[in-house]
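Enquirer: Below you'll find the structure I mean.
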Amino acid sequence: MTQTRAIDPIHVIGGGMAGSEAAWQAASMGVPVVLHEMRPERPTDAHHTDGLAELVCSNSFRSDDHETNAVGLLHWEMREANGLIIGAGDRNALPAGGALAVDRDRFSAEVTAALEAHPLVTIERGEVPGLPPEAWDSVIVATGPLTSPALAEAIRGLTGDDGLAFFDAIAPIVHADSVDLSKAWFQSRYDKGETEEERTAYLNCPMSREQYEGFLDALLAAPKTDFKEWEGTPYFDGCLPIEVMAERGRETLRFGPLKPVGLTNPHDPTVKPHAIVQLRKENALGTLYNIVGFQTKMKYGAQTDVFRMIPGLEEARFARLGGIHRNTFLNSPRLLDGRMRLKADPRLRFAGQVTGVEGYVESAAMGLLAGRLAAAERLGTPLETPPPTTAIGALLTHITGGAEAATFQPMNVNFGLFPPLEAPMKGGRRGKRDRARAYSERAKEHWRAWLGLREAA
């Protein structure tokens, strides 16, 4: 009688978006996984719970439009691949006017419960100090931008590369019942959404020119966090502190998070606001809202004073104030091969924000791919990487060689990362939407084919 050899586990370090997705994908392919999460034994400056896949910044997965938006296309590809993160996001969605926003507590609880219940997943709490033991011959490092100092230093020692670093900021959260609805109103920009709930997903606070200028002055004058040894670390443009945006010009905010377009103030419909602050629902109960785009490095005391200058927030109560922390990531084009493995030690595969992709969805997508690649190798049926014409393939190509190593910085998914279309398209706004549709249609065809290749293996 022959005995079936036990399959050695894959070790996944980090229980964030990428690590949780990687563990789920590998286990779903029949490979045992040990998921290592250092919290609660070692907390971070940004996390507030011990749950897996905790959302530490925004609660938004951004656009869910899979026909003309690259982020929405990424959502679609993950759904097609039975993604844990996108599935939990869908089941814990909040109205967000065409975006996918989630109740962060319920979302994290569902991801945690799913992994705890999977028979092939073992969750071990505690820090992995330094490089993983040599006995771990297949490791996915998904420690995110908050990689522990010990592990980060070990990786630097192995690669001889200092990598890169940037600051990331967190937006404040307001109790909904403290917002003055005689000044604020519910409306999604351009009334976007299929239901009334979606069309009224945001709280809007209008500003006159005088109010905007006064707010701007206070914002610029407020005391900020002292970075000390972090000085010189660049910001990532996709998550700038609001005061850093303000420093770039007095009109910058009006063309960014405070743009006064697509909205009509029902309290004074004939007057066009000079600027509009938006708040997005934070939980399913609708008791909490985050101030969109208001990531900040202001000190706590100053935050309450400055943010209460916003019309409608004069009596605001804050469930959480904003903050800032240091994020780190690898120079992936220099350090990783085309399968996300560290060139200096191929048993280590990296996934998520530590690779230089930016955003929750992008991180989870790289975890999805890393989990599948590692599991296929463990099963002896190596998997081809997805073509760069897909959203996940485009991200992979970018971080593993498509980007210039000398100027590499975190990148969200966008159609600019995709190979050009074969057929020329018309210019202009309509042509742009047609091109986006063509990119999406091609990606969907190629993604389905790639999933079929896996199934046939």
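FYI, it's all coordinate maths here, none of it is from the lab. This one's a predicted model, so the numbers in the text were calculated from it and none came from an experiment. When we count neighbours, we look across all protein chains shown, and the Cβ atoms used for this are built from the backbone with ideal geometry, even at glycine.
Enquirer: Can you tell me the equivalent ellipsoid semi-axes for region 169-326? Use √(5λ) from the Cα gyration tensor, largest first, whole Å.
Expert: 26, 17, 15
Enquirer: In debye, nearest 20: dipole of region 169-326 around its Cα centre with unit charges on the Cβ of K, R (+) and D, E (-)?
Expert: 240
Enquirer: How far is helix 209-221 tilted, in degrees, relative to the longest principal axis of the Cα atoms in the chain, given as a value from 0 to 90 rounded to the nearest 10?
Expert: 50
Enquirer: Moving on. By what distance, in whole Å, do the Cα atoms of region 21-112 stretch along each of the three principal axes, largest value first?
Expert: In descending order, the Cα extents are 42, 33, 19 Å.
Enquirer: Residues with beta-carbon under 14 Å from that of S440, excluding S440: net charge, scoring Lys, Arg +1 and Asp, Glu -1?
Expert: Neighbourhood net charge equals 0.
Enquirer: Right, next: Could you work out the relative contact order of the chain? I mean the mean sequence separation of Cα pairs under 8 Å and 6+ apart, divided by the number of residues, in percent.
Expert: 22
Enquirer: Can you check how the C-alpha radius of gyration of region 1-160 compares to 2.2 N^0.38 Å, as a plain ratio?
Expert: 1.12
Enquirer: When the Karplus curve 6.51 cos²θ - 1.76 cosθ + 1.60 is applied with θ = phi - 60°, which whole-Hz ³J(HN,Hα) does each residue of region 107-122 get, with x for Gly and Pro?
Expert: Running phi through 6.51 cos²θ - 1.76 cosθ + 1.60 with θ = phi - 60° gives 4, 4, 4, 5, 4, 4, 4, 5, 6, 5, 7, 6, x, 9, 10, 10 Hz.
Enquirer: Another question, then. Give me M340, M298, M411 ranked fewest to most by other Cβ atoms within 10 Å of their Cβ, as a rough exposure proxy.
Expert: M411, M340, M298
Enquirer: Kindly provide the Kirkwood hydrodynamic radius of region 235-359 in Å, to one decimal, from all pairs of distinct alpha carbon atoms.
Expert: 17.8
Enquirer: Using only helices, what value at 222 nm comes out for the chain when you add -39,500 (n - 2.57) per DSSP H run of length 4 or more and divide by the total residues, to the nearest 500 deg cm²/dmol?
Expert: That comes out to -9500 deg cm²/dmol.
Enquirer: To test your reading of the geometry: what angle, between 0 and 90 degrees and rounded to tens, separates the Cα axis of helix 428-456 from the longest principal axis of the chain?
Expert: So the inclination is approximately 30 degrees.
Enquirer: Would you list T147, T400 from fewest to most Cβ contacts within 10 Å?
Expert: Arranged by neighbour count, lowest to highest, T147, T400 become T400, T147.
Enquirer: Just want the answer: with Cβ charges of +1 for Lys and Arg and -1 for Asp and Glu, which residue in L335, F107, L131 is farthest toward the dipole's positive end in the chain?
Expert: L335
Enquirer: Tell me, what is the percent relative contact order of region 169-326, built from C-alpha pairs under 8 Å that lie six or more residues apart?
Expert: 43
Enquirer: Based on other C-beta atoms within 10 Å, arrange H11, H398, H175 from fewest to most.
Expert: H175, H398, H11
Enquirer: Now for a different question. Rg to Rh ratio, region 74-210, alpha-carbon atoms and Kirkwood radius? Could the numbers behind the result be given before it?
Expert: Numbers: Rg = 21.2 Å, Rh = 19.5 Å.
Radius of gyration over Kirkwood radius for region 74-210 works out to 1.09.
Enquirer: Largest first and to the nearest Å, give the Cα extent of the chain along each principal axis.
Expert: Largest to smallest, the principal-axis extents are 82, 51, 43 Å.
Enquirer: Quick check on the chain: of the DSSP beta bridges with both residues there, what percent are antiparallel, nearest 5%?
Expert: 65
Enquirer: Follow-up. For region 68-159, calculate the relative contact order in percent as a whole number, restricting contacts to Cα pairs under 8 Å that are 6 or more residues apart.
Expert: For region 68-159, the relative contact order is 16 percent.
Enquirer: When only alpha-carbon atoms are used, what values of Rg and Dmax, in angstrom, describe region 61-114?
Expert: When restricted to Cα atoms, region 61-114 yields Rg and Dmax of 10.9, 34 Å.
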